[in-house]
Amino acid sequence: MILWEIARATGLIAVVVYTLTAAWGILLAGRGIQQPKGALELHRSLQSIGLIAIVAHVVALLLDSHANVAWTDVLGVDTRPGIVLGAVALWLAIALPITFMARQRKRISFRSWRYVHYLAYAFWGAAVAHGLWLGTDTRNPLVLAGYGAAIALVVGATAWRLSGGAPARSSRRPAGTA
Ligand code: HEM
């Protein structure tokens, strides 16, 4: 029972933290933040906390004999679409920071990294859809309102970014990615 509660709590924590990561990243990319270096550190730290929450979520589900989650589910080998969405989100959550490190070591170009980083939107969408689909707590009106707020935040930030973001002050790229 405690494992199931840990799994539910860490799943929700992961969605909250990654929503903040996504919104902060969009704000950063849209030049809405004055000090890109510190802001990028925060973006990375949030991402790391989210990843820890995901690992705890998946491990708790694997250990919980009532959860009906197997190692093959982690690989995405499952017929339940909600589980496959979770697996897609998991692997993207692992892949995205690896591509960031590859960029820092100049193993990939800024342009390639940027295109790959657009997968962060797919990751966040898969994570939210997975939580809404499978979550026991989706029935709780407060949790449902939280999902609504998360979607409004990321969709709103994306719309702001697509409309041009903040006026350009300089041509500098976010620190660490140049
Ligand atoms: C292979 C990877 C994954 C598997 C097998 C998996 C499996 C599950 C299962 C079985 C549930 C239902 C738990 C319940 O009864 O409430 C669940 C819920 C949830 N998962 Fe995952 N998950 C995975 C990855 C992820 C990822 C990457 C995230 C977030 C970034 C995430 C976030 C959530 C959330 C928010 C819930 C709803 C919690 C609730 O409302 O109770 N999961 N997951």
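The values are calculated or read from the model by the stated rules, or taken from the named source; none is laboratory data. Here the structure is a predicted model, which means the values were calculated and not measured. FYI the Cβ positions are ideal-geometry reconstructions off the backbone, even for glycines, and counts take in every protein chain you see.
Points to keep in mind about this one:
- Pairing residues of the stretch 78-90 that are within 15 Å of Ala122 (Cα to Cα) and among the charged types (D, E, K, R) with residues that are modelled with pLDDT of 95 or more and near the ligand (Cβ under 8 Å from one of its atoms), at Cβ distances under 8 Å and at least 6 apart in sequence or on separate chains, gives no pairs at all.
- Helices (runs of 4 or more DSSP H) enclosed by the stretch 1-79 - at least 3 residues per element that are touching a Pro at 6+ places or on another chain (Cβ under 8 Å): 36-63
Residue by residue, here is whether (1) part of a loop (DSSP other than H, G, I, E, B); (2) touching an Asp or Glu at 6+ places or on another chain (Cβ under 9 Å); (3) at pLDDT below 95; (4) within 18 Å of Leu85 (Cβ to Cβ) holds:
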{"site": "Val116", "(1), (2), (3), (4)": "no, no, no, no"}
{"site": "Trp124", "(1), (2), (3), (4)": "no, no, no, yes"}
{"site": "Gly131", "(1), (2), (3), (4)": "no, yes, no, yes"}
{"site": "Ile151", "(1), (2), (3), (4)": "no, no, no, yes"}
{"site": "Thr158", "(1), (2), (3), (4)": "no, no, no, no"}
{"site": "Gly164", "(1), (2), (3), (4)": "yes, no, yes, no"}
{"site": "Pro167", "(1), (2), (3), (4)": "yes, no, yes, no"}
{"site": "Ala178", "(1), (2), (3), (4)": "yes, no, yes, no"}
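- Residue match in the stretch 66-85 (condition: in contact with an Asp or Glu (Cβ under 9 Å, 6 or more places away or on another chain), of a type outside the set (Lys, Arg) and within 18 Å of Leu119 (Cβ to Cβ)): yes
- Glu5 without any contact (Cβ under 8 Å) to a residue 60 or more places away in the chain, farther than 19 Å from Trp160 by Cβ and away from the ligand (no atom under 14 Å from the Cβ): no
- First in the stretch 111-140 and without any contact (Cβ under 8 Å) to a residue 12 or more places away in the chain, second anywhere and buried (at least 16 other Cβ atoms within 10 Å of the Cβ), Cβ under 6 Å, 6 or more apart: Thr138/Leu132
- Sub-8 Å Cβ pairs linking a first residue in the stretch 145-167 that is touching a residue at least 12 places away in the same chain (Cβ under 8 Å) to a second residue that is of a type in the set (Ser, Thr, Tyr), at least 6 apart or interchain, are Tyr147/Thr138; Ala150/Thr19; Leu153/Thr19; Val154/Thr19; Thr158/Tyr121, ordered by first then second residue.
- For the stretch 49-85, the tally of residues that are of a type outside the set (A, V, I, L, M) and more than 8 Å from the ligand (Cβ to nearest atom) stands at 8.
- Residue list for the stretch 86-104, restricted to those being aliphatic (A, V, I, L, M), more than 7 Å from the ligand (Cβ to nearest atom) and within 16 Å of the chain's Cα centre (by Cα): Val88, Leu92, Ile94, Ala95, Leu96, Ile98
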